[in-house]
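What follows is one structure encoded as structure tokens, with my remarks underneath.
The values are calculated or read from the model by the stated rules, or taken from the named source; none is laboratory data. Being a predicted model, the structure only gives us computed values, none of them experimental. Cβ atoms come from the backbone with ideal geometry, glycine included; neighbour counts cover every protein chain shown.
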Amino acid sequence: MCTVLVSYSPQNKMAKSLMYALSQTKGVEIDDDVMLTAEELKRVKKAEQSGIRTDIENLQAYLKSQYVS
């Protein structure tokens with residue numbers, strides 16, 4: 001089982017629709033009232049500030065540019 005934290009605005013209709021569709025998928029469990037511990041919040045903030053997402057997106061773009069079909 002893999003756990004993922006997703007943040008979205010409850011007013012965002014598209015996000016709500018996607019979350020509903022995901023919740024209907026076999027093997028997926030959504031617990032919408034989970035509270036993170038102080039340590040978990042600290043790790044989430046550290047991950048957001050690390051910039052690794054940008055690095056990965058840049059790497060993906062580079063790899064796609066190098067791919068010859």
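Odds and ends about this structure:
- Residue check for Ser23: surrounded by 10 or more Cβ atoms within 10 Å (Cβ to Cβ), at pLDDT 85 or above and not β-branched (Val, Ile, Thr): yes
- Flag for Met35 being at pLDDT 85 or above and either of a type in the set (S, T, N, Q) or loosely packed, with under 10 Cβ neighbours inside 10 Å (or both): no
- Extreme residue, surrounded by the most Cβ atoms within 10 Å (Cβ to Cβ), among residues of region 1-20 that are among the aliphatic types (A, V, I, L, M) and in a helix (DSSP H, G or I): Met19
- Condition check for Val44: touching a residue at least 12 places away in the same chain (Cβ under 8 Å), assigned to a helix (DSSP H, G or I) and of a type outside the set (D, E, K, R): yes
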